[in-house]
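Okay, structure first, notes after.
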Amino acid sequence: MISQGKKTKMQFISVTVWAVYWLWSTVEAEVFTSVGQMTDLIFTERELVQSLKEYIQAEEQKLAEVKRWAKKLEVLTYASTSDPEGFLAHPVNAYKLMKRLNTEWSELESLVLHDPSDGFISNISLHRQYFPDQEDEKGAAKALMRLQDTYNLDTESFSKGKLPGQGQTSGVRYNAFLTVDDCFDMAKTAYNEQDYYHAVLWMQQALRQMDTGDEAKVSKVEILDYLSYSVYQMGDIPRAIELTRRLVSIDPSHQRAGGNLRYFERLVAKELKEMDRNKQEPADKKPIQLGTYERPRDYLPEREIYEALCRGEGVKMTPQRRSRLFCRYRDGNRNPRLLLKPMKEEDEWDNPHIVRYLEALSDEEITKIKELAKPRLARATVRDPKTGVLTTAHYRVSKSAWLEEDEDPVIARVNQRMEDVTGLSVNTAELLQVANYGVGGQYEPHFDFSRKDEPDAFKSLGTGNRVATFLNYMSDVEAGGATVFPDFGAAIWPRKGTSVFWYNLFRSGEGDYRTRHAACPVLVGSKWVSNKWFHERGQEFRRPCGLTEVD
């Protein structure tokens, strides 16, 4: 398709060439000898000037649009670069960054491509290979929906960037919001995944904002088209009729809408006939209810418990249980490195026993670990229970890196500290894993240890099962991001510089199935953690076996 500016330019060139040719031929015919003939040249020149003005206007409009882009992006980049992590801590900002770089910058590229701005085009083309792609934009949209579900966020408030948080949230600082087109794109992402529940939620929000006067590139007809079919897929045929009639009233020639309307009406008529009802209240007389539907169940059996704990609901920390929790100094059985500065230990849970260590990492150590990990961050993987091979999974959304002990004295020092305080050997432990959770980052309920139905999960390591987990929190999180244990209703919140420790196996070597846990989606903030998984081999004399199955 040729743009208006390019079309005008081509017209101008065409007219110019024709006029020059005509002028040259008439000069050869001595046009100056006839004023009558010269008057024709006046009108020809007027057409040339008009064509030139149209060309200039098209170029100015293009330049003005580019200037508007530059001004908008200058404000955005000023805010984002002044505090990158704080800016991206708000999931809407993260989603819109994905969308801008994947979709909107391409539009700008196409716009400027018609102008001989080779330097800019070369620059953007060079950097485009590093831009997020369609999958990134889709992933970010699905992350927003995940946050919406987990934290029971109202779609309208969410679209305005109003998120629950501790203190002043990033949403307040950066005024993040979703436009009609953003909401439509969110809904379309869900629709293409056959997730009609979220498609309805976000199409409704797009329609609501459009009805209140918000401008958009998408048309109301297109929104109603997607919404009516999504509502039908949710089983609400009367409302599908209602929305389709509204669509037809706007665009009577919409062929698919007309066919859908007749189909929906036949379905309703069939239902009425089966119910032996002779009258039906006309659907178009009912107000359009922009309500929601029940969220479909999925593969995760403890979904409701897990998400409630993420919201801080259903935590089973009774006063009686709390009375059994204490704090103490831990010197690692008079370990020389802990005698002068013992570790501060707090009980987080009594049974199974989970403890938190205070001042486990210094700010300097955290900075160095993040500095080492950042260049190597890659999509986090999970171990396939059948093959033992590492692979990506939709239920684990984060990036991670593995750090060797000899890479930096800080890694060696942190490893030694974990060994000292737990009494377990790090010689057979896995490398220090550093993880950073992005927009809606999470790790759904899982076990750290391998079960009996996956005996080969850690076979390649040759060090036995994961006996214990040591989790370091390397950032505070404004909202969300808790570590929760659905089995016994515990929620442990990130606190920068602290660490959490628990055993995954009983002394008998049997797995403690109560330790199934999850990393809740990060709602506001940036979550950095590092993990050390201790294995059975090498702990024989440090944690002797018990005599009973659950010892």
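The length gained by stretching the chain between Asp512 and Gln57 to full extension, at 0.36 nm per residue less their Cα-Cα distance, is 156.5 nm. Among the listed pairs Lys72/Lys220; Lys142/Lys162; Lys138/Lys496; Lys316/Lys496, a Cα-Cα separation exceeding 21 Å is found for Lys72/Lys220; Lys138/Lys496; Lys316/Lys496. Restricting the calculation to Cα atoms, segment 452-541 yields a radius of gyration followed by a Dmax of 14.8, 44 Å.
Pulled fully out, how much extra length does the chain show between Glu313 and Asp408, if you take 0.36 nm times their separation in residues and subtract their Cα-Cα distance? Could the numbers behind the result be given before it?
Working: separation 95, 0.36 × 95 = 34.20 nm, distance 4.11 nm.
Additional length available on full extension: 30.1 nm.
Our coupling estimate for segment 480-490, obtained by passing each phi through the Karplus curve with A = 6.51, B = -1.76, C = 1.60 and θ = phi - 60°, is x, x, 6, 9, 10, 10, x, 4, 10, x, 9 Hz, Gly and Pro reported as x. The amide H of Glu348, built 1.01 Å from its N in the peptide plane, has Ile354, Val355, Arg356 as neighbours under 5 Å, considering only residues 5 or more places off or on other chains. Quick query: amide H of Lys527 versus all other amide H atoms, modeled in the peptide plane; which residues come in under 5 Å with a sequence gap of 5 or more or a different chain? Answer set, sorted by chain and number: Tyr437.
Here the simple spin-label model places points 7 Å from the Cα toward Cβ, and for Asp133 and Leu358 these points are separated by 4.9 nm.
Suppose all protein chains stay in the model; what accessible area per residue would a 1.4 Å probe give for segment 476-536, in Å²?
Details: 1450 Å² over 61 residues.
Roughly 24 Å² per residue, with all protein chains present.
The calculated FRET efficiency for the pair Leu340 and Glu371, based on their C-beta separation and a Förster distance of 22 Å, comes to about 0.20. Computed with a 1.4 Å probe over protein heavy atoms only, the accessible surface of segment 142-254 comes to 41 Å² per residue. Accessible area per residue (1.4 Å probe, heavy atoms of protein chains only) ranks Trp402, Trp528, Trp105 as Trp402, Trp105, Trp528, with the largest value leading. Counted residue by residue at 0.36 nm each, then reduced by the alpha carbon distance between them, the extension gain from Lys72 to Glu215 reaches 49.8 nm.
For Ser450, the residues whose modelled amide H falls within less than 5 Å of its own, excluding neighbours fewer than 5 places apart on the same chain, are Arg466. Once all protein chains are placed together, Glu271 keeps about 80 Å² accessible to a 1.4 angstrom probe. Phi angles across segment 468-479 convert, under the Karplus curve 6.51 cos²θ - 1.76 cosθ + 1.60 with θ = phi - 60°, into 3J(HN,Hα) values of 7, 10, 10, 10, 9, 8, 10, 7, 7, 10, 5, 8 Hz, Gly and Pro given as x. Could you calculate the FRET efficiency of Glu302 with Gln50 from 1/(1 + (r/R0)^6), where r is the beta carbon distance between them and R0 is 56 Å, rounded to 0.05? For R0 = 56 Å, the calculated efficiency reads 0.20. With θ taken as phi - 60° and the Karplus curve 6.51 cos²θ - 1.76 cosθ + 1.60 applied, the whole-hertz 3J(HN,Hα) list for segment 407-417 is 6, 7, x, 5, 5, 4, 5, 5, 4, 4, 5 Hz, x standing for glycine and proline.
The values are calculated or read from the model by the stated rules, or taken from the named source; none is laboratory data. Here the structure is a predicted model, which means the values were calculated and not measured. Backbone-built Cβ (ideal geometry, glycine too); neighbour counts: all protein chains shown. Surface accessibility is based on the protein's heavy atoms, side chains included, excluding ligands, DNA and RNA. Shrake-Rupley method; radii C 1.70, N 1.55, O 1.52, S 1.80 Å.
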